[in-house]
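Asks: I am attaching a structure below and will ask some questions about it afterwards.
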Amino acid sequence: MECAAKGLAAEPCAGGVADRRCGSCGAVAYCSRAHQIIHWRVHKEECERFAEQMRRVNLLSQFPFTFLEPPTLNHELPSTRFFFLQTIKLHEKGLWKSECICGSDVASAKDLSIAAEWNLQSSLCPCTEPENPVPAVLASWEDYYQWRSLPLHSPVAVLLHWPLTLYHCLQLYRLQTSKYDGQDTLCIHYLGPEKELLQLATFGELRALFPGVQIHIELVGPEVPKSRDGEVVNISRYARCSDESCCCKSSVGSEDSSCTAVRLKLWKGFYHERCSDIMKDSKPHLIVAPNAGVAAYSSWMPTIEIIRQTGIPAIFTDFCEEAAYLASCCISSITGQPLKIPVQEGTRKW
């Protein structure tokens, strides 16, 4: 951790390690007592909030997966994600290519193909229709793995958090309104896609989560390659496994758009710039902005204002509870209203 007073104090930080934690919250660190005193005028307003968040740290990080057990770190490797992918033998393979800094980034990608594989055995990935109907509510990753008959050492959750975040947002939305109930078409505006643009095949899992529902998703963001602006991607099957004898291979070549369950359309640009064009033929039930970083990027402000004007429900997620808190403050300052879904409710289950 860096000294929290770095940049505020006239004197440079003492040494290279900030090992003096705030005794009240434990969330910030300092290089010296002098710098801690200087920073108190800033920290005193956030200390109690940080302390409350720190008390929930264990709750927010309780995952059932066994593949998350800490490995012995090899400092010769460039990153822990690289080491993780090497350990499970998935580095630069199939859908996993963009999970490491060694892989492709969206800007350099020539193809956002959905014809990608899990590169896992069929027993470790959801490559076919589920054996049982989807439960009324999947409240956690453990529920999802049990429903999909996946062992907890399967790493697919690393990629499936995109469609499962959508699922959870839609469950929260249904608690707030009954507009979606009973409809056979569901439209979502998905804001700020980045890495998921290279993992579009994972959105095929929405077919299992919402059986019989046609799902239309408009992916809108500046990271969409200019050459793909306006492109439509139809997903009528699940990402394939590596077993040659698996029945998921029989779906190859059967891309009949009439049976498509998930339709994705790509839009380059900020939502407030493209909204009028998108709305002409796609009014959404829900707007979702995963890992938005609302407080970090001022470009979200006009987008939030546009959403306020439309009156369409929107759910933002962020990478930690403090980022979500700061985002909620930004959103409320524009809408003039408190959030209908509390910050914690959207961060604990998935």
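Asks: Which value, in Å² and to the nearest 10, is the accessible area of His39 when all protein chains are kept and the probe is 1.4 Å?
Replies: 10 Å²
Asks: Over the C-alpha atoms of segment 115-176, what are the Rg and the largest Cα-to-Cα span, Dmax, in Å?
Replies: Using the Cα atoms of segment 115-176, the pair Rg, Dmax is 12.3, 39 Å.
Asks: If you project the alpha carbons of segment 272-348 onto the principal axes, what extent comes out on each, in Å, largest first?
Replies: 36, 23, 22
Asks: Could you pull out the trypsin sites (Lys or Arg not before Pro) across segment 1-62 that fall in loop regions by DSSP (anything but H, G, I, E, B) with no more than 15 other Cβ atoms inside 10 Å?
Replies: Listed in order of number, the matching sites are Lys6, Lys44, Arg56.
Asks: Which whole-number percentage describes the relative contact order of the chain, with Cα contacts under 8 Å and a sequence gap of 6 or more?
Replies: 15 percent
Asks: Keeping all protein chains in position, work out how much accessible area Leu60 exposes to a 1.4 Å probe, and write it in Å² to the nearest 10.
Replies: My reading of the accessible area for Leu60 is about 50 Å².
Asks: Which percent of the accessible heavy-atom area of the chain goes to carbon and sulfur, probe 1.4 angstrom?
Replies: Summing carbon and sulfur atoms, their accessible area is 51 percent of the total for the chain.
Asks: How much FRET efficiency would the formula 1/(1 + (r/R0)^6) give for Met1 and Ile334, where r is the Cβ-Cβ distance and R0 is 25 Å, rounded to 0.05?
Replies: After rounding to 0.05, the efficiency reads 0.20.
Asks: What percentages, rounded to whole numbers, describe P(r) for the chain computed over all alpha carbon pairs with 10 Å bin width beginning at zero?
Replies: Reading the bins upward from 0: 5, 21, 30, 26, 13, 4, 1.
Asks: Accessible area, 1.4 Å probe, largest first: how do Glu2, Glu142 sort?
Replies: So the residues, ranked largest to smallest area, are Glu2, Glu142.
Asks: Among DSSP bridges having both ends in the chain, what percentage is antiparallel? Round to the nearest 5.
Replies: Taking every DSSP beta bridge with both residues in the chain, the antiparallel ones total about 20 percent.
The values are calculated or read from the model by the stated rules, or taken from the named source; none is laboratory data. This is a predicted model, so every value here is computed, not measured. In this analysis, Cβ positions are derived from the backbone assuming ideal geometry, glycine residues included, and neighbour counts consider all displayed protein chains. Surface areas here come from the heavy atoms of the whole protein model, side chains and all, with no ligands, DNA or RNA. Shrake-Rupley method; radii C 1.70, N 1.55, O 1.52, S 1.80 Å.
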